[in-house]
Amino acid sequence: MGRRHVKEYRPDEALALISADREGRAIHCPSCGSEAMERTPERPAEGGASLGRVVLTCGQCARLVAYIDRAGISTSPR
C-alpha cells in the first residue's frame, strides 16, 4: 500500500531495481524508462557495500524504492 503523495514502484519493479543495484548493474526506471536514477547514499568508489538504508529515486518521474543493504552484515548466530 502506497503512502499519500509518494509514488512507489510496483513490487515486481522494485525487486528488479533492488536486484540490479545489489549486483552493481546500471539501472533505469521500469516505469518511465529514464536512466536518470539517483542512489542515496552513493555507491562507494572501491565497490564495497554501503550498509544501511538505500533509496533509489527516478529523476524524471520521482518514483522511489528503499531497501536495507545488509551485504556486509554477518548472519552468524549469537
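List of remarks:
- Among residues of region 13-39 that are assigned to a helix (DSSP H, G or I), those with a beta-carbon under 7 Å from a residue that is of a type in the set (Phe, Trp, Tyr) at least six positions away or on a different chain give the pairs LEU17/TYR9; ILE18/TYR67.
- Selection from region 45-62 of residues that are at pLDDT below 70 and surrounded by 12 or more Cβ atoms within 10 Å (Cβ to Cβ): ALA49, SER50
- Restricting region 3-38 to residues that are more than 24 Å from ARG70 (Cβ to Cβ) and either touching a strand residue (DSSP E or B) at 6+ places or on another chain (Cβ under 8 Å) or modelled with pLDDT of 95 or more (or both) leaves a set whose member that is surrounded by the most Cβ atoms within 10 Å (Cβ to Cβ) is CYS29.
- Taking the numbered list (1) modelled with pLDDT of 90 or more; (2) not in a strand (DSSP E or B) in turn, GLU42 passes all entries but (1).
The values are calculated or read from the model by the stated rules, or taken from the named source; none is laboratory data. Because the structure is a prediction, the values reported are computed rather than measured. Note that we place each Cβ from the backbone using ideal geometry, even for glycine, and neighbour counts take in every protein chain shown.
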